[in-house]
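Asker: This is the structure I want to talk about, given as structure tokens.
The values are calculated or read from the model by the stated rules, or taken from the named source; none is laboratory data. Because the structure is a prediction, the values reported are computed rather than measured. Cβ coordinates were reconstructed from backbone atoms using ideal geometry, including for glycine residues, and neighbour counts include every protein chain displayed. Calculation scope for accessible area: heavy atoms of the full protein, side chains included, ligands and nucleic acids excluded. Shrake-Rupley method; radii C 1.70, N 1.55, O 1.52, S 1.80 Å.
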Amino acid sequence: MPSIDTYLSNKVSNPEKINSLLKYKLQLNFYGFLLDLNFTHLEDVTHYKYYFNYFINKFTSVKSRLETNWIADSGRQAFSKILEAPQYFKEIQVIHNNTTFLYDRFSYKSSQPSLIPPLHLSPFCNHHIGFHGAAVAYDQKSILIFGKNNSGKSTYSINLIFNGFKLLSDDTIIYDAWNNQLLAFPRPIGLREGTIEAHPNIKKNILPNKKFIRYQSVDYTHLMISPEELFPGCIIDCAEPNVAIFLNHISGKQEVTIDKIDKSSLDKLLRIFSYYSELNPKEYSENLQALLEKLVKVYIISYDIRLTDMQYLIEVAHKFLKHSI
């Protein structure tokens, strides 16, 4: 396994100059990974407090510590600000053993900041694995919801929460392979304006008297809102993995079809939606296999989110957990 020194070999130029710009600090306890975030702008601290409020002042025992610098445009712009200009630039630096490395970089394109705590670094990745997806739970049993962007993950999750499910995550699934638990990652829920318009029950129950943060992405605008503000008491800290579904959004599809997935196909699909770690390929494969073995049922749901009766999909979710499909 390559060391972090080998993997993060692209050293940051003139770190002393950049470090002198860092005025603001935020500390998170990310499942026992004590993470110090350093920023050049107060706006970034506010933004990240909102995104990672669940991990502030958590009293989890500390297993390891890591420091990061979040910088955009040589400190002249806030990291969380969307920059349309060609000189657009962002980078995340990792400070490990008093040495500064370049961890991630974004340049010459408009993009969201990479809101990643250290999913790929030891000791976190030794027994955790991350996925792009949503997760909800009912009676301590969870449903993992995977799908491409705009496939309906958030819409489905929100409707399930309206109907008694608890939220683990709307966007990033964290699986603890050692304890066989999906862990809460309740970042703010991102809603496209089209999603709100397409689902009157969401518009009726969410929009009045709620504080949204408007956050522009590359090709659409997110309305970001804290899960606790939407549904007080909706967050559950952990649950056992039970069922996985993959949403296959087919425009114009009038009927919902549900197909079972075999273990071989599941392995391929999980890899597509996982955050692969080149730093720890062995641990990554073992953690992925652990989740694959724990999932009881797996399905593909093919539908059109704009045409499908959400109440039917809610009933389907309950049947999934009862293993009656």
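Asker: Can you name the condition, by its number, that D309 falls short on among (1) within 24 Å of R192 (Cα to Cα); (2) surrounded by 15 or more Cβ atoms within 10 Å (Cβ to Cβ); (3) acidic (D, E)?
Answerer: With (1) within 24 Å of R192 (Cα to Cα); (2) surrounded by 15 or more Cβ atoms within 10 Å (Cβ to Cβ); (3) acidic (D, E) applied to D309, the lone miss is (2).
Asker: Which one of these does I300 not meet: (1) in contact with a Leu (Cβ under 9 Å, 6 or more places away or on another chain); (2) part of a loop (DSSP other than H, G, I, E, B); (3) open to solvent by 10 Å² or more (accessible area, probe 1.4 Å)?
Answerer: Only one criterion in (1) in contact with a Leu (Cβ under 9 Å, 6 or more places away or on another chain); (2) part of a loop (DSSP other than H, G, I, E, B); (3) open to solvent by 10 Å² or more (accessible area, probe 1.4 Å) is unmet by I300, namely (2).
Asker: Could you list, in sequence order, the residues of segment 118-154 that are open to solvent by 10 Å² or more (accessible area, probe 1.4 Å) and polar (S, T, N, Q)?
Answerer: The answer is S122, N126, Q140, N149, N150, S154.
Asker: Which of the residues belonging to segment 289-316 are closer than 19 Å to K148 by Cα and at pLDDT 90 or above?
Answerer: Going residue by residue through segment 289-316, those that are closer than 19 Å to K148 by Cα are 298-308, 310, 313.
Selection gives V298, Y299, I300, I301, S302, Y303, D304, L313.
Asker: Working carefully through the options E229, E240, find the one that is modelled with pLDDT of 60 or more, of a type outside the set (V, I, T), open to solvent by 50 Å² or more (accessible area, probe 1.4 Å) and not in a strand (DSSP E or B). Full working, then the answer.
Answerer: Values: E240 fails: not in a strand (DSSP E or B).
Matching residue, one of E229, E240: E229.
Asker: Of the residues that sit in segment 275-301 and are touching a His at 6+ places or on another chain (Cβ under 8 Å) and of a type in the set (S, T, N, Q), which one is nearest to P123 (Cα to Cα)? First the steps, then the outcome.
Answerer: Start the filter on segment 275-301 by keeping residues that are touching a His at 6+ places or on another chain (Cβ under 8 Å), which leaves 275, 277-280, 283, 287, 296-297.
With the extra rule that they be of a type in the set (S, T, N, Q), the set shrinks to 277, 280, 287.
Details: S277: 13, N280: 10, N287: 13 Å.
The residue in question is N280.
Asker: Any idea which residue in segment 275-297 is least open to solvent (accessible area, probe 1.4 Å), counting only those that are in a loop (DSSP other than H, G, I, E, B) and closer than 11 Å to V243 by Cα? Full working, then the answer.
Answerer: We begin by selecting, within segment 275-297, every residue in a loop (DSSP other than H, G, I, E, B); these are 275-280, 295-296.
In the following step, the residues that additionally are closer than 11 Å to V243 by Cα were identified as 295-296.
Numbers: L295: 7, V296: 78 Å².
Here the answer is L295.
Asker: Can you say whether I305 is assigned to a loop (DSSP other than H, G, I, E, B) and of a type in the set (V, I, T), as far as the supplied structure shows? Spell out the reasoning first.
Answerer: Details: assigned to a loop (DSSP other than H, G, I, E, B): yes; of a type in the set (V, I, T): yes.
It is true that I305 is assigned to a loop (DSSP other than H, G, I, E, B) and of a type in the set (V, I, T).
Asker: Tell me, which helices (runs of 4 or more DSSP H) wholly within segment 1-117 include 3 or more residues that are at pLDDT below 70 and surrounded by 13 or more Cβ atoms within 10 Å (Cβ to Cβ)?
Answerer: Numbers: elements: 4-7, 15-19, 42-51.
It comes to 15-19.
Asker: Given the conditions (1) under 13 Å from M310 (Cβ atoms); (2) modelled with pLDDT under 90; (3) within 18 Å of the chain's Cα centre (by Cα), report the number of the one that H199 does not fulfil.
Answerer: Exception for H199: condition (3).
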